[in-house]
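Engineer: Structure provided below as structure tokens; questions to follow.
The values are calculated or read from the model by the stated rules, or taken from the named source; none is laboratory data. Quantities reported herein were computed from a predicted structural model and do not represent experimental measurements. So basically every Cβ, Gly included, is an ideal-geometry build from the backbone, and we count neighbours across all protein chains shown. Accessible surface areas use protein heavy atoms only, side chains included; no ligands, DNA or RNA. Shrake-Rupley method; radii C 1.70, N 1.55, O 1.52, S 1.80 Å.
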Amino acid sequence: PSMHSSQNEQDSRHHAIASKVPMLEPSDSAECCSFTKLAYSLSEEYDTPVIIRLSTRISHSCSIVDTQDRKEIDLKPYEKQPSKYVVLPAFARAKHPLVEERTKKLSQWAENCDINRVEDNHAKIGVIVSGATYQYAKEALGDTVSYLKLGMVHPLPVDLIRNFANMVETTYVIEELDPIIETHCNRIGVNVIGKELFPICGELSQKLIKKLMLHQEDEVLSLDEPTPVRPPVMCCGCPHRGVFYELKKANVFVSGDIGCYTLGASAPLNAMDTCLCMGGSVSGLHGFNKARGAQGEKKSVAVIGDSTFMHSGITGLIDIAYNKSNSVVIILDNSTTGMTGHQQNPTTGKNIYNEPAAAVDLEALCKAVGVQRVTVVDPFNLKQVRTVLKEELAAEEPSVIIARRPCALLKTVKHNPPLFINPEKCVGCRACLGIGCPAISMKNKKAVIDATQCVGCGVCVGLCGVKAIGKQEVVS
């Protein structure tokens, strides 16, 4: 909900419904632990996968957890069962009735299980909640209402909901995103108030529930002036920055991907046109150029990180080579998986435990799939990036540019001393701001560099026409 770090507000409960598998939704850290153990038990008892649904709010919350002792289960012997594990139509047809019967049994289990419970406060109003909305409602409404807390959100119980609705005069369903529980209630003949009152988009909150149900608003303290927006930016010394700067200058269509470099879409670089999913940049460029032909080929590139390329970019590059798409793919090789926590990937020479492992040679891999033009550039060398980009866009065959320099946040990276802007030379033209480095700002109509942030990468030096940027002069 609210797409804090995702492309959509896809309600994952639909996946459980479509897959016809049970889904549990914990409402705090303790339930995350206990529901996970329960999920394994249900999986064994009913011979089914089980989905545990976590929203952002539950994943980021903290609460007391009784971990108890871990129960070790002996590994079961493998039994050959082609009719179960080989999903041929003939086998699958026989399995479908079993899946439907399993859903009925799980529905019966949901009627009396401990994780679906009624909290009867002898109130006229009842609310049906699950996950984070249970916590929101409890804080906003307290004991003024009765609760039906659903720990299993698929399949949903029938009699339990009907009996709860009969206990109260008015029943509300408070759920984030789509009206899954509300639709179920309507289908079984239980009248509820749901999306007619609560929004279908975004996260709910204690304040919003109190406002909509009790018509109360808490006093909010605020500043007289609006708080300045602080959007995420690439780090100082990020190797991706120079590439995007040159792509913007070249005025090319940039098919983007998922990673730190997605920030290349933000001002002042504004150098990314599309971004959908991991690997989508390469296949997207392939389709773009096949549709537009020579008109698109000379003015378009794809950008993808080394980790993302290994994850799902290779197949797109194979399609480009196999289908003779005259496309330029730029692999931004920063020697790590930057955005999600600096994990290793198959190109780094170490596994996820930081142990030595086989390293994929990106240059050899690209040539092995059929791309003969593979060039490595230093993204801090803007002139080199500019020259190679121009050459590869002009080529009449697929090509790959590998922009290779490690992430500035890696412990193994040694930074240079911070740079300095000579105020006597600076003319305040703001050209250095075009790179979007957070260490550079304006003060008294002159550009300045924050020495506590600058890592001395030197990318900004070439942007200054009056040569005002250089090393800090040491006065003896």
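Engineer: Kindly establish whether residue 231 is in contact (Cβ under 8 Å) with a residue 12 or more places away in the chain, in contact with a Leu (Cβ under 7 Å, 6 or more places away or on another chain) and surrounded by fewer than 23 Cβ atoms within 10 Å (Cβ to Cβ).
Structural biologist: no
Engineer: If I filter region 63-82 for residues that are without any contact (Cβ under 8 Å) to a residue 60 or more places away in the chain, open to solvent by less than 90 Å² (accessible area, probe 1.4 Å) and farther than 29 Å from residue 156 by Cα, do I get at least one hit?
Structural biologist: yes
Engineer: Which residues, counting only those in region 23-36, are in contact (Cβ under 8 Å) with a residue 40 or more places away in the chain and either touching a Pro at 6+ places or on another chain (Cβ under 7 Å) or surrounded by fewer than 14 Cβ atoms within 10 Å (Cβ to Cβ) (or both)? Lay out the reasoning, then the answer.
Structural biologist: Quick first cut of region 23-36, residues in contact (Cβ under 8 Å) with a residue 40 or more places away in the chain only: 23-28, 31, 35.
Answer for region 23-36, where residues must be in contact (Cβ under 8 Å) with a residue 40 or more places away in the chain and either touching a Pro at 6+ places or on another chain (Cβ under 7 Å) or surrounded by fewer than 14 Cβ atoms within 10 Å (Cβ to Cβ) (or both): just 35.
Engineer: For region 35-61, which positions are of a type in the set (S, T, N, Q) and either within 24 Å of the chain's Cα centre (by Cα) or closer than 25 Å to residue 136 by Cβ (or both)?
Structural biologist: 36, 55, 56, 59, 61
Engineer: Considering only region 124-145, state which residues are surrounded by fewer than 20 Cβ atoms within 10 Å (Cβ to Cβ) and of a type in the set (Ser, Thr, Tyr). Break it down stepwise before answering.
Structural biologist: The first filter runs over region 124-145 and keeps only residues surrounded by fewer than 20 Cβ atoms within 10 Å (Cβ to Cβ), leaving 124-125, 135, 138-139, 142-144.
Residue satisfying the conditions is 144 alone.
Engineer: So residue 414 fits all but one of (1) on the phi < 0 side of the Ramachandran plot; (2) modelled with pLDDT of 95 or more; what number is the exception?
Structural biologist: Of the numbered conditions (1) on the phi < 0 side of the Ramachandran plot; (2) modelled with pLDDT of 95 or more, the odd one out for residue 414 is (2).
Engineer: Give the number of residues within region 98-121 that are open to solvent by 80 Å² or more (accessible area, probe 1.4 Å) and either of a type in the set (S, T, N, Q) or more than 27 Å from residue 163 (Cα to Cα) (or both).
Structural biologist: 3
Engineer: So which residues in region 254-275 are within 15 Å of residue 6 (Cα to Cα), surrounded by fewer than 20 Cβ atoms within 10 Å (Cβ to Cβ) and touching a helix residue (DSSP H, G or I) at 6+ places or on another chain (Cβ under 7 Å)?
Structural biologist: Within region 254-275, 274 is the sole residue that qualifies.
Engineer: Ok, one more. Considering only residues that are open to solvent by 40 Å² or more (accessible area, probe 1.4 Å) and either under 25 Å from residue 320 (Cβ atoms) or not charged (D, E, K, R) (or both), which ones fall in region 349-358?
Structural biologist: 351, 352, 353, 354, 356, 357, 358
Engineer: Okay, moving on. So how many residues does region 246-268 have that are more than 17 Å from the chain's Cα centre (by Cα) and on the phi > 0 side of the Ramachandran plot?
Structural biologist: 1
Engineer: Restricting attention to region 300-343, which residues are open to solvent by 10 Å² or more (accessible area, probe 1.4 Å) and of a type in the set (Phe, Trp, Tyr)?
Structural biologist: 322
Engineer: So which residues in region 359-386 are open to solvent by less than 50 Å² (accessible area, probe 1.4 Å), part of a loop (DSSP other than H, G, I, E, B) and without any contact (Cβ under 8 Å) to a residue 40 or more places away in the chain?
Structural biologist: 378
Engineer: In addition: May I ask you to verify whether residue 186 is in a helix (DSSP H, G or I) and either closer than 24 Å to residue 45 by Cα or open to solvent by 60 Å² or more (accessible area, probe 1.4 Å) (or both)?
Structural biologist: Answer is yes for this residue.
Engineer: Across region 344-358, what is the number of residues that are touching a strand residue (DSSP E or B) at 6+ places or on another chain (Cβ under 8 Å) and touching a residue at least 12 places away in the same chain (Cβ under 8 Å)? Even if it seems obvious, please write down each step before you answer.
Structural biologist: Let us first name the residues in region 344-358 that are touching a strand residue (DSSP E or B) at 6+ places or on another chain (Cβ under 8 Å), namely 344-345, 347, 349-350, 352, 356-357.
Going one step further and asking which of them are touching a residue at least 12 places away in the same chain (Cβ under 8 Å), we end up with 344-345, 347, 357.
The qualifying residues number 4.
Engineer: With the checklist (1) touching a helix residue (DSSP H, G or I) at 6+ places or on another chain (Cβ under 7 Å); (2) at pLDDT 95 or above in hand, flag the one item residue 217 doesn't pass.
Structural biologist: (2)
Engineer: Something else: If a residue has to be surrounded by fewer than 22 Cβ atoms within 10 Å (Cβ to Cβ) and of a type in the set (A, V, I, L, M, F, W, C) to count, how many in region 165-178 make the cut?
Structural biologist: Within region 165-178, residues that are surrounded by fewer than 22 Cβ atoms within 10 Å (Cβ to Cβ) and of a type in the set (A, V, I, L, M, F, W, C) number 4.
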